[in-house]
Amino acid sequence: MSNKLVRCVILDLDGTLLNTDGILGNVLKAFLGKYGKEWDGREAQKIIGTTPFEAAAAIVQDYGLPCSTLEFLSQISPLFSQQWCNIKALPGANRLIKHLKSHGVPMAMASNSPRESIEAKISYHDGWKNSFSVIIGGDEVRTAKPSPEIFLEAARRLSMEPSSCLVIEDSLPGVTAGKAAEMEVVAVPSVPKQSHLYTAADEVINSLLDLPLEKWGLPPFEDWVEGTLPLDPWYIGGPVVKGFGRGSKVLGIPTANLSTEGYSNLLSEHPSGVYFGWAGLSTRGVFKMVMSIGWNPYFNNKEKTIEPWILHDFNEDFYGEELRLVIVGYIRPEVNFTSLESLIAKIHEDRRVAERALDLPFYSSFKNDSYLGIS
Ligand code: ADP
Ligand code: RBF
Ligand code: MG
């Protein structure tokens, strides 16, 4: 089935463009602690995409807090506002906004949070406010998402037919609202391993890096080179630790695992998927590297790990040695496979893509990065 062609894009804010969830978790953890309660991350899926009042009501009820919803809201709202300056753009958010703006694709922002909060949050992100022809908050409509009202109002203000709008949403209420408005809907779930819940969406993607704009007749991204997406480099390192013990045994593909302790923030900031870059081992040299980040759906791991395959033949193990990685590009999202053979074949294809790309000037320049520890 081919998608309908659209002419404009309506974006949700929290969880879609902004990594609000991390802040939400930190504030609630501290706040509930004062009542002797422990924040359970599982509550997140329930409140994502709801209005502040609905979220507050759910928390007061589920935790049996000795206060009213309004009291809770008035206590916690200032704690959130203080954190707005710390909310980071999600990977791919700036890229998407710049791309659509430079191609003249009209954009609206439609969020269940009040207009004033939206304005405050986006004020910390250069160029965002001016890129949207319409910004509309939950306090500007009678009924919030999952009602279609906010999206229909956004379309009206854009002077577009609902059928010409593509909605991008991380939450279930948002997806429901978009479909009820008879719009095309892409879901980017902000809570991991939940994509099976998003069957109403026209497409479910893992992160904004994977958005196939051309499917809706929108101008495609032009920054992919030879099957890879250049990234702002990021760095991770530490001693090589034992992994699941199946890389070389089950797949014939050894992965030198790093402890994720101390890197939980970094890991949660980066979408799961296949990445590549350079690996430095202090006594051995700098090598090309391709890796997966995530839960390895084929094995359904419980924890998000990094699995770097160093593209060099070593004659021995090097557990305990310091491994430094600079990650410079992205290849694809993690996927599940129906057979071990197809998983292995795909990883070997990733290897070829990474090896070729790392010879390109942009990527090869990082081979000399001082972080890798070898001159
Ligand atoms: P584990 O589950 O303990 O990570 P693997 O089967 O994935 O075990 O093997 C990884 C180990 O193999 C690394 O920790 C390292 O010591 C060794 N090794 C040898 N060659 C490589 C390579 N090319 N890339 C990554 N690790 C390698
Ligand atoms: N596991 C998956 O389940 N799905 C994937 O798409 C996937 N891609 C990978 C890509 C690369 C480059 C590497 C090195 C590994 C990948 N794996 C993937 C992870 C593999 O399952 C993992 O290395 C083993 O689980 C070892 O613990
Ligand atoms: Mg391993």
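The values are calculated or read from the model by the stated rules, or taken from the named source; none is laboratory data. In this text the structure is predicted, and so the values were computed from the model without any measurement. Quick reminder, even Gly has a Cβ in these numbers, built from the backbone with ideal geometry, and neighbours come from all protein chains shown. To get the accessible areas, we keep the full protein, side chains included, count just its heavy atoms, and leave off ligands, DNA and RNA. Shrake-Rupley method; radii C 1.70, N 1.55, O 1.52, S 1.80 Å.
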Give me the number: length gained by fully extending Glu349 to Ser268, i.e. 0.36 nm times residue separation minus the C-alpha to C-alpha distance, one decimal in nm.
-> 26.6 nm
Heavy-atom accessible area of the chain with neighbours in place, 1.4 angstrom probe: carbon+sulfur share in percent works out to 52
Output the pairs from Lys101/Lys215; Lys46/Lys302; Lys179/Lys304 with a Cα-Cα distance over 26 Å in this structure; if there are none, say none.
-> Lys179/Lys304
Kindly provide the Kirkwood hydrodynamic radius of the chain in Å, to one decimal, from all pairs of distinct alpha carbon atoms.
-> 22.3
Would you mind checking which residues have amide H under 5 Å from Val167's amide H? H placed 1.01 Å from N; only 5 or more apart, or other chain.
-> Ile10, Glu184, Val185, Val186
Would you mind calculating the gained length between Arg157 and Arg284 on full extension (0.36 nm times residue separation, minus the Cα-Cα distance), in nm to one decimal?
-> 39.7 nm
What is the gain in length, in nm to one decimal, between Gln82 and Asp139 on full extension, counting 0.36 nm per residue of separation less the C-alpha to C-alpha distance?
-> 18.4 nm
Would you mind counting up the charge near Asn301? Only other residues with Cβ under 15 Å from its Cβ, with Lys and Arg at +1 and Asp and Glu at -1.
-> +2
On average, how much accessible surface per residue is there in segment 237-308, in Å², for a 1.4 Å probe, leaving out ligands, DNA and RNA?
-> 42
Excluding residues on the same chain fewer than 8 positions from Lys249, give the lysines whose Cα lies under 19 Å from its Cα.
-> Lys346
What whole-number value in Å² describes the accessible area per residue of segment 1-160 for a 1.4 Å probe?
-> 49
Probe 1.4 Å - accessible area at Trp295, Å² to nearest ten | 50
For a paramagnetic label modelled at 7 Å from the Cα of Ser248 toward its Cβ, which residues of segment 288-332 fall within the zone defined by backbone nitrogen distances under 14 Å?
-> 309-321
What is the list of residues in segment 85-120 whose amide nitrogen lies under 16 Å from a point 7 angstrom out from the Cα of Asp232, following Cα to Cβ?
-> 85-99
